[in-house]
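Inspection log for the structure reproduced underneath, given as structure tokens.
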Amino acid sequence: MVLRKWEELPHFMQVKEVRKYYEILRRKEKSLFFKRILDVIVSSILLVLFSPVFLFLAIAIKADSEGPVFYRQARVTQYGKKFRIHKFRSMADKADKRGSLVTVEGDSRITRIGRLIRDKRLDELPQLIDVIQGNMTFVGVRPEVPEYVKAYTPEMTATLLLPAGITNLTSIYYKDEGRLLDKTEDPDRIYREKILPEKMKWNLKGMEEYGFWKDVGIMFMTFFSVCGKNYADEREEDGKRAGFNNNADV
């Protein structure tokens, strides 16, 4: 993974707010190289190991509800590039055309199989394809839909210096996001105005502290989180040290 030269970045990213993070990453290009190597090797191995799971889930999804096996929504990744993400479909077909772009707890659009696979993040397994293609990486800022990226501040666009990620600290710390949004009448607005800015503080902090072995640690944290570990205490402590608002008050 090689950073573009500053003058080759999209014009909307060539701003002083982004320059700080660009210089941090530029000094860590060796780590970024090994990050890409890790992405390709691990995703290739996992695709082979999980191929029986892919087959089983594909059959279960088709048997449970009408529609395609995969959900291919447009998302935004490195340098503002749009791509169509690979996810197992966990909601009714064309659900994003019939409601909010975010999912709340108890969302009626979620299918029976979808509810099971979302709990353990199995719907995200096909993103291994996106990692191999270079549209995503294992650890990085979660890919947002174009509508939410339009709400980014100039500093937030710094997160587009790297490919979007399958997981990061916000995925672990905000795993209750659906429950928070379930309390609101306008989840799209609350996500854009309240939760997204709060998550971006963590994302930008992660870029400042980027390191290859830190990525590996977050991958293990994600595994333990999926297995049921709650990182609320760690979020509280990390937030206090960073001076963040630990509770995205919706």
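Modelled label positions at MET219 and PHE12, each set 7 Å beyond Cα in the direction of Cβ, lie 3.1 nm from each other. Given a Förster radius of 22 Å and the C-beta distance between ARG84 and LYS62 as r, what FRET efficiency does 1/(1 + (r/R0)^6) yield to the nearest 0.05? Computed FRET efficiency for ARG84 and LYS62: 0.65. Just report the Cα centroid separation between segment 21-65 and segment 189-209, whole Å. After rounding, the separation between the Cα centres reads 23 Å.
The loop-placed trypsin sites (Lys or Arg not before Pro) in segment 86-146, going by DSSP, that have at most 13 neighbouring Cβ atoms within 10 Å of their Cβ come out as LYS94, ARG98, LYS120.
Spatially, segment 113-176 and segment 224-242 are offset by 18 Å when compared through their Cα centroids.
The GluC sites (Glu not before Pro) of segment 3-94 that meet both conditions, a loop assignment by DSSP and at most 14 other Cβ atoms within 10 Å of the site Cβ, are GLU66. Counting only DSSP beta bridges whose two residues both lie in the chain, roughly 65 percent are antiparallel. Here the simple spin-label model places points 7 Å from the Cα toward Cβ, and for VAL40 and ALA232 these points are separated by 4.3 nm.
For the chain, the fraction of 1.4 Å probe accessible surface lying on carbon and sulfur atoms is 57 percent. With a ≥ b ≥ c taken as the square roots of the eigenvalues of the C-alpha gyration tensor of segment 1-133, please select rounded if a/c is under 1.5 and otherwise prolate if a/b is larger than b/c or oblate if it is not? Cα axes put segment 1-133 in the oblate bin.
A simple rule links phi to the HN-Hα coupling: the Karplus curve 6.51 cos²θ - 1.76 cosθ + 1.60 with θ = phi - 60°, which for segment 197-213 gives x, 5, 5, 5, 4, 5, 4, 5, 4, x, 5, 5, 9, 4, x, 4, 6 Hz, with x for Gly and Pro.
The values are calculated or read from the model by the stated rules, or taken from the named source; none is laboratory data. Just so you know, these numbers come straight off a predicted model, no measurement behind them. Glycine gets a Cβ as well: all are built from the backbone with ideal geometry, and neighbour counts include every protein chain shown. Surface accessibility is based on the protein's heavy atoms, side chains included, excluding ligands, DNA and RNA. Shrake-Rupley method; radii C 1.70, N 1.55, O 1.52, S 1.80 Å.
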